[in-house]
Structure formats: structure tokens, C-alpha cells
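Values quoted throughout were computed directly from the atomic coordinates according to the rules given, and no laboratory measurement underlies them. Computed from a predicted model, the values in this text were never measured in an experiment. As a convention, Cβ positions derive from the backbone with ideal geometry for all residues, glycine included, and neighbour counts pool all protein chains shown.
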Amino acid sequence: MSGVGSEYHNIAEEDALRAQWYGLLAGLLAAPPTPEMLKKIGAIEGDETALGQAVNRLAAAARGTTADALEDEFQILFIGVGGGVLTPYGSYYLSGFTYEKPLAKLRIDMLRLGITRADDVYEPEDHIASLCEILSGLITGKYGGSADLAKQRAFFDVHVSPWAGLFFKDLEAASGADFYRPVGSVGRLFMELEGQAFTMAA
Amino acid sequence: MSEKKKETAVGRRVFFKKAGLGASVIGAAAVGSAAKKSTAAEPSKGASSGAGYRETAHVRKYYDLARF
């Protein structure tokens, strides 16, 4: 294939959906939702699958709360004074501390993939929201070049799969989590699906 | 696409369909949230072939489809 669109591979329907789910998780974990975003979450409809039911619980939770209340909940869970209830960074889950080897490895891989941290972001790149955003971009081909499954899987296997499930489980069980409890469920279930689907390509 | 790749693609499509990925109106919420302030990752300038991110007709269609 050559020509203007040659960097773009046709995004299969299931991959477009995966990118959207990663985008949803990234949006939910990067910052508390705006009133507008909360409304959109409240309109999500899931089916009878486990993931569908989890997203229904999330939508119901969204309809039952406000952006203001979620600012507080987000603060308690992730920021806090001297640290939130949870520390959603790969380095923390894998080594016990932030700014550790997992972050260094991630930065090297990001360099290879042609991805940098945005100028107005000050958290280290191994934040769960950032990783979800990167995966979404790898799927859609946002970072130029091939966004093939092998590349996605390599990234997932090294930087996400070892700890994301644990984090989402922690989020489901975290004291102070209310709206973010079903966020944890959605994240845990989606990560399980991703892991299973990647092994199908072996 | 090789036969093996085709098999994998079909397998994944069926898997995700059964898992409920498509049944939710995720698009609107996701597209909205992705555009928000916290863009943690951006394409490095000059790191790729320079094509970066462009809205080809094909990408536009993806976003249109995502808008339920």
C-alpha cells in the first residue's frame, strides 16, 4: 500500500472499540469527570456480560452523583495530602516506590515508539491513565507508523499486564471509593479481556 | 493478510463481541474524555516518518462511528 493513507491501517471494528474503552479508562483515571463527561458516562448502556453489567453500574453511579462530589472522591483516592489511598503508578506496584526501574523502562519504550509526555503533565508516565492513553493511541495509530497487534501486545505485556489488574482490584475495594468502585470493575474486567485476547494471537 | 493473521482477527472479533465490548454506548464518553486536558502522551516530533496524526477520511469515519 502506498499513498497518503499508508500509515493508517484500517482499524478493525473490535480495535476501534478497544481504543474507545482504553480512552474511557484514561479519561476516568486522569482527572475527575467534568459535568459534561459525567452526563455522557450516565448514558452508557451495557449488555448482559460481566463487562456490560460493570459499565451499567458505572453509568448508574454517574447518574447518582455530581462532578463536585467526584472531585472530592478523586482527591481522596488518588491525591490526598501526602498521598491518596491508592498510588496508580507501575513503579509503585512493581517495586514499592514511584520513579523506579519500571518508569525508566517505560521511557525507553516510549522513545522507541515516538511518544513523549505532554508539556502540561507533571506526573510520571507510568500512571495508569497515561498507559491507557498510550495503548489507545497505539491501536489507532496516533503516534505514526504501524500500530500492529504485536507492538500493542509487547507494550501491554511489559508495562500494563503485570500490575494493572491488581490496581483495579485495589480500586474496587478501596475505602472512600464509591463512583470509582465500578471504574475499578470495568478496568479489571477489560484488562482481563485484553490479556486473554492477546494470547489468542500467539 | 496471512491466513493465520486472518484467523486471529476473526477470533478476536468474536471474542470481543461475546465479551460485551460493542454493546455499550462507550463512544461518546470515550471520545469526549480523550480530548480532555490530560493528554499525557503525544507523538514525538520527528520521531516517526513525520506523518504524525492526520484526519484522513478513514479516521474521520471512525470518529463518526464513535458518536452514537
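For the reader, a short list of remarks on this structure follows.
- Long-range amide H partners of residue A:116 with built H, under 5 Å: B:42, B:44
- Its Cα centre serving as origin, chain A has a Cβ charge dipole (Lys and Arg +1, Asp and Glu -1) of approximately 340 debye.
- Axial C-alpha extent at least 24 Å, average Kyte-Doolittle at least 0.0 - helices from chain A (DSSP): A:13-30, A:180-200
- Chymotrypsin sites (Phe, Trp or Tyr not before Pro) restricted to DSSP loop in region A:93-202 with at most 13 other C-beta within 10 Å: A:97, A:99, A:122
- For region A:10-200, dividing the convex hull volume of the Cα atoms by the residue count gives 124 Å³ per residue.
- Candidates A:165, A:84, A:42: whichever shows maximal mean-square fluctuation once chain A is modelled as a Gaussian network with Cα springs under 10 Å: A:84
- Exceeding the 27 Å Cα-Cα cut-off - candidates A:40/B:18; A:169/B:17; A:40/A:151; A:105/B:17; A:105/B:5: A:40/A:151; A:105/B:17; A:105/B:5
- Difference of contour (0.36 nm per residue) and Cα-Cα distance, residue A:123 to residue A:50: 23.1 nm
- Theoretical FRET efficiency, 1/(1+(r/R0)^6), r = Cβ-Cβ of residue A:68 and residue B:10, R0 45 Å, to 0.05: 0.45
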